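Undergrad: Quick one: this structure, given as structure tokens, is what I'll be asking you about.
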Amino acid sequence: MNNAAQLDEDGLVRLEEFLGSEQRPQECMVLDELDGFLTALVCTPDDVPAGEWLAEVWGGENPGFADECEERDIVELIFALRRSIEEELRDSDVFEPMWYVGLDDEDNEVVEPEGWCSGFMRATQLRSAYWDRLFESDEQYLWLAPIIAFAVYQLPESAEDPMLAQLGSDQSLRDEFINAIPPAVQDIYRSSK
């Protein structure tokens, strides 16, 4: 079950179009990033007030709602997505992140988890005391390692790390890391409950 399956398809398209509109602030999350962000929030045992995490979704700026009706509808869709992620992690044996899928030079679909992983890592900053404990645990850090790698490997400061540099060009390594993320997220979620 895809974690958007609980949402009406039209509503999901509406949310994607709203977030991806050129009228949104530069730092406003797009759909795959939002999915990763909400997944990390669901995995965080500490309650994060909606006003705090929604401000992060908008990038700390006014998202430019047309009116109160649009604001209510978009926020309700975001909450519906969060609920569907939580239900999937709680009730399903399989977790499917909403990764961006692009096309390569030969028009083959290619999973691009970078945005999702960046969103996930942004949410960890909201309750860093909890996440720092996971980063410091050898076993739990292994759960986070592929997420962290995709979130940071394109940053200039990561260029000196041979493994991170390889992640951009070695498809088998990318596939290994991509395949490791869903079960790792399930482990993270279970450890937080």
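The values are calculated or read from the model by the stated rules, or taken from the named source; none is laboratory data. Bear in mind that the values here come from a model prediction, so they are computed numbers and not experimental data. A quick note on method: Cβ atoms are made from the backbone with ideal geometry, for glycine too, and the neighbour counts reach across all protein chains shown. These area figures cover heavy atoms from the full protein model, side chains too; ligands, DNA and RNA do not enter into them. Shrake-Rupley method; radii C 1.70, N 1.55, O 1.52, S 1.80 Å.
Undergrad: Which Rg and Dmax, in Å, describe the Cα atoms of the range 1-111?
TA: Cα radius of gyration and Dmax of the range 1-111 are 14.6, 45 Å respectively.
Undergrad: Pick from Asp170, Asp91, Asp105: which residue has the top mean-square fluctuation in a GNM of the chain where Cα pairs under 10 Å get a spring?
TA: The residue with the greatest mean-square fluctuation here is Asp105.
Undergrad: With a 1.4 Å probe and every protein chain left in place, work out the accessible area per residue of the range 45-172 in Å², rounded to a whole number.
TA: Heavy-atom SASA per residue in the range 45-172 reads 56 Å².
Undergrad: Using only alpha carbon pairs under 8 Å that are at least six residues apart, calculate the relative contact order of the chain and give it in whole percent.
TA: So the answer I get is 27 percent.
Undergrad: Could you work out [θ]222 nm for the chain from helices alone, using -39500 (n - 2.57) per DSSP H run of at least four and dividing by all its residues? Round to the nearest 500 deg cm²/dmol.
TA: On the way: 9 runs with 119 residues, N = 193.
It lands at -19500 deg cm²/dmol.
Undergrad: With every protein chain in place, what's the accessible area of Glu71 (1.4 Å probe, Å², nearest 10)?
TA: Approximately 80 Å² of Glu71 is accessible to the 1.4 Å probe.
Undergrad: Something else now. What percent do you get for the relative contact order of the range 94-193 when only Cα pairs under 8 Å and 6+ apart count?
TA: Values: 84 pairs, mean separation 27.1, N = 100.
Value for the range 94-193: 27 percent.
Undergrad: Accessible area of the chain with a 1.4 Å probe: how many percent of it is carbon plus sulfur? Walk me through the numbers on the way to the answer.
TA: Details: 4630 of 10210 Å².
The value for the chain is 45 percent carbon and sulfur by accessible area.
Undergrad: So, in nm, how far is label Ala66 from label Leu103 when the simple model puts each one 7 Å beyond its Cα toward the Cβ?
TA: 2.9 nm
Undergrad: Right, something else. I'd like to know which of Ala40, Ile78, Phe177 lies farthest towards the positive end of the charge dipole of the chain, counting +1 on Cβ of Lys and Arg and -1 on Cβ of Asp and Glu.
TA: Ala40
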